Each structure stands twice: as structure tokens, then as C-alpha cells.
Amino acid sequence: MEYVKIFDTTLRDGEQAPGATMNIDEKVRIALQLEKLGVDIIEAGFPAASDGDFEAVKMVAKNITKSEVAGLARATESDIERAWEAIKYANKPRIHTFLATSDIHLKYKLKIDREEALKRAIHAVKFAKKFTDNVEFSAEDACRTDLDFLCKVVEAVIDAGATTVNIPDTVGYITPLEFFNIISTIKKRVKNIEKAVISVHCHNDLGLATANSLSALLAGARQVECTINGIGERAGNAAMEEIVMALKTRKDVYNLGTKINTKHIYRTSKLVSQITGMMVQPNKAIVGANAFAHESGIHQDGVLKERLTYEIMTPESVGIPQSILVLGKLSGRHAFKKRLEEMGYELNEEQLNKAFKRFKELCDHKKYLYDEDIDAIISEEILKLPEKYKFVYLNVVSGNRTMPCATVEIEIDGKVIKEATFGNGPVDAVFKAIKKIIKTKSKLLSFVISAITMGTDAQGEVTVKLEEAGRQVVGKGVDPDVLVASAKAYINALNRLYFKKEANSMREMLP
Ligand code: KIV
Ligand code: ZN
């Protein structure tokens, strides 16, 4: 059976989703999980976009040993050099350079003609080859590019040394049959096509990203670019879990394999959603909370008699835990450590002590702890951001006949500041008190509260999205008390705004 290379761009195109910016530690954490999942290539970022991106790509390159690590670069010498400087630490580095090829992009965006575009594409690939043999070229907006010209570009960049040629549907415009024809034509007409792998990269503006990617694989593409949970620009990118599970479940149609260990899909999805703050919709294929839930009586009856009646794949095959109950008040340090290891966390002694202390504190509030609680402990205690603003104390008075009032203490540069204020509701009072201390000009775009596990003693998880000067950030807070979780989430988002001032400054150049 032939294999399809899985090129994951969660850390690059996925991160371009509004508010989904990640810090360096978070990127490395996701990259390590992607490697465990078995992805062939991890696109770690766009090093020329900002110093933050550069550092993140460098750290991913240093930490990843099995997967290839790609860095994106526009078709310019400076971008390519910068990409190489970041990815050169990887065991298997790849330079991914791109240039738009459609007339719309050439005329309005780049203001160059086809001849110049061809020249630049060839030069970029030749220049990248000076650093590594592993060079990918993307013809941005390929699906709206004149097909004769696209074939010409593909042939030329392969001659120049590209080992992968990517055909992106940058604006999510193409339909499955059309895409099949584009890839088939490239396969037929480009005479040196056997020297390179054909890749596809689909956006989901019409909800067709997965279907288009699969159609291209049927036509002969052998690399697919995708993101976990389908996150990405606008409506997102093709979702990796959907493509991989379609190939696995419908082997009879595709007869193509991947190196993905599908049992790690669920945890990877959780991790990405937890870090980016982008929730997975309940009816999302493969990883949504309802993806394997049978609600109707007829379906439940059928599944109980024979799973195959209504289930085309099992929850176990994507790693959805069957029994997620893990630990309780009486669990000792050893059991806690073992569960952490099973979940893929490797902590040193000091980190373990810290996490275990928090675990015990939590056990005073909750009878049982679940994997999600452990994830929250690790996020809050071990992987937390550097903090300009430290949450110290919260007291809220609220009720049906009381004007809600919140008192908040926050430590800033070693000094604890206290403020109290009234609000329309308790959350409003908490946020107003925090604003009095931090004096933020940011706008609250969304506030979502949910329980991270089942039961009335579940921890509340609050996600807030803030915007300031065109930058969006997502903050999270978890606590058995939902008002404390709200305060933590708001302060977390304000810390992200503080430390990420430059992260979005180069967004305008992102593809
Ligand atoms: O959507 C796109 O065209 C891209 C390319 C840079 C691959 O993201
Ligand atoms: Zn893209």
C-alpha cells in the first residue's frame, strides 16, 4: 500500500486563526504531541514574520527528532535565509518557500507578470537548495491559476530542485471534481513530476477542504497539508483527523495509508483546543463531543445489538478514553506520577512536587479527578506563561438582592494592588475591579464558561477573547469556583497581550 505524507501546519497556518497565537513553550508542547501522533512534517512557523516566530521555530527544530521540521519563507533570499537559520537545528529540516501564481494575486498583490513570477519561483528554489536538499515550493492560489501556467511553474521549480510541489487552494474555492482534474493534469502534463511529491493544501471556506484533499489523493497527490481540529485562517484548513480517519475507514476506496497513530488523535485535539482556546464544536467529525454519541433510541438499540449498525469507526480507534475516571483523594504520589506518564507528561522532581501539591488541593474540592483536571493542573502550574500580572485574591459578594461587588488583589512587579468595585453581575464586578488595577484598553470579544468534566463539583473553565490594537488573544482559567476561573482567564489574557505585543505585528505579510 502507498503512503500519504501528513504535513501538519497547526503551528503555522493554524496559528493564523484569529486569537490562536501560541507562545514558544506551547508550540513546542504541541510539536512534541504531533511527533508522537506520527506526522511526517511539522510546519513550525514563519521565521521571517517576527522574532517570536523565529524563536519558536528554532525551539521546535531543536526538540523534534523524528518528524521533519519545515519553516515557511516567501520567495525572497532574506526570508529563506531566516527560515534556514531557524530550522537548521532540526534533524530533518525543510524549507517551504511560496509565491502566488494566479493572475489575481500577480496583478493586484505582487504587481508583477507571469514571467517575473516564474523567475522568482525558480530563483527561490535554487537559493533554498544551497541550504538543504529538502525544499518545498507552494504556488499560492494555485487553484485560481491558469492551468497551463501552473504546469509550467511546477515543472520549472522541480527542475530547480524542489522535492515537493504544493498546490494550495488558498481561498477555499475549488470543488472536489475540479481539484481531481487539476492534480491529474499536473501528473499527466508535467514531464519531470516523478521527481517530486505532489502536495495539496486546502482551505475550508466552502466546507470542502477535506473532500478536496481526498479527491486530490485519488488523483495522485501524496502529501496532504492540514491542521488539528481544522483550525486556520478564516474557515480554517483541512482537518487532519478527518483526512486520516477517512483514509483508514475507507481503505476500500483510497487504498492509501498514513503513519499516524490514530490512538493519539483525541489527546492531540484536546491539547490544541486547550492551548489555542479554540473550542471544538460538539458535532465536529471525529473529535467533537457528540461524534460517537448515539442519542436516538433506535440508534442506541442498534449499537447495543451490533456496533456496526450505526458506528463506522470506534471511539477507541481515535483514543477517546472509555473510562476517564482517574484519581481521587486517596491516590498517592506514585499513582499520580503514573497517570501523568500515561498521559504523556514527563515532569522533573520539582515540577512533580508542584503538580502533586495542586492535585491534593483540588482533591479537597472534588471527589474524583479526571484527565481534563490533570491537563488543567499541568497548564496552570507547570506550563504557565511568564506573568506580568499575578492573580492573588478574589472575594465576591453576590445574590438576588445584592449589588454584586468584587475585591481583587493582583501582584504587579512584586507589589500587591487591591481594588474593589460594583458591577451589573458578579463577573462584571470582577472584570471591572481587574480593569481598575491593570487599566487595560482591550475590548472583551467573548466570554465562555464550561465545565471541564461531568458532575456539579466539576471545575469551571473560562475562556475569554480580548482585542487591543488589532491583536486578539485568548486567555483561560480553570478553578472549582467559576468566578475565580473568570478572574484567572481575564488576567491570563492580559498577560498574553502584554507579552505578545509584537507577535501579530507582521500579520499583514502572512499568506
Ligand atoms: O493557503 C496557502 O496558500 C498557504 C501557502 C503558504 C501554502 O498557506
Ligand atoms: Zn494556507
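Every number in this text was worked out from the coordinates using simple rules, so none of it is lab data. The structure presented is a predicted model; accordingly, all values stated were derived computationally and were not measured. Cβ: placed from backbone, ideal geometry, glycine included. Neighbour counts: every protein chain shown.
Remarks
- More than 30 Å apart - percent of Cα-Cα pairs taken over the chain: 51
- Violating pairs (Cα-Cα greater than 27 angstrom) within the set LYS329/LYS415; LYS418/LYS443; LYS360/LYS432: LYS329/LYS415; LYS360/LYS432
- Of the peptides 357-365, 270-278, 341-349, the order by per-residue mean of other Cβ atoms within 10 Å, starting with the highest, comes out as 270-278, 357-365, 341-349.
- In terms of packing, defined here as the mean over residues of other Cβ atoms within 10 angstrom, the peptides 44-51, 14-21 line up highest first as 44-51, 14-21.
- Annotation: lysines with alpha-carbon distance below 20 angstrom to LYS107 (same-chain offsets under eight excluded): LYS119, LYS152.
- Principal-axis tilt of helix 265-276 within the chain, Cα atoms, nearest 10 degrees: 70
- Bridges between two residues of the chain, per DSSP, are antiparallel at a rate of about 50%.
- Whichever aspartates and glutamates have a C-alpha closer than 12 Å to that of LYS66, once near sequence neighbours (fewer than 8 apart) are set aside: GLU35, ASP40
- Our compactness index for the range 139-213, the C-alpha radius of gyration over the empirical 2.2 N^0.38 Å, is 1.03.
- Cross-link pairs LYS248/LYS337; LYS354/LYS488; LYS130/LYS195 - those with Cα-Cα distance over 30 Å: LYS248/LYS337
- Global size of the range 412-468: 14.0, 38 Å for Rg and Dmax (C-alpha atoms, Rg to one decimal, Dmax whole).
- Span from the the range 86-139 Cα centroid across to the the range 218-282 one, whole angstrom: 26
- Take 282-294, 209-221 and order them by the average number of nearby Cβ atoms within 10 Å per residue, most first; the result is 209-221, 282-294.
- The angle between the Cα long axis of helix 333-342 and the longest principal axis of the Cα atoms of the chain comes to about 20 degrees, rounded to the nearest 10.
- Pairwise label distance in nanometres, SER184 with LYS36, each label 7 Å out on the Cα-Cβ vector: 4.2
- Note that the range 389-509 shows a convex hull volume over its alpha carbon atoms of 108 Å³ per residue.
- Rounded if a/c under 1.5, otherwise prolate or oblate - the range 327-382, Cα gyration tensor axes: rounded
- Across the cross-link table entries LYS439/LYS465; LYS27/LYS390; LYS5/LYS251; LYS27/LYS126; LYS36/LYS284, which are compared at the Cα atoms, the separations over 25 Å belong to LYS27/LYS126.
- Counting DSSP beta bridges with both ends in the range 2-276, the antiparallel % (nearest 5): 5
- Degrees separating the helix 51-63 axis from the principal Cα axis of the chain, which is the longest one: 90
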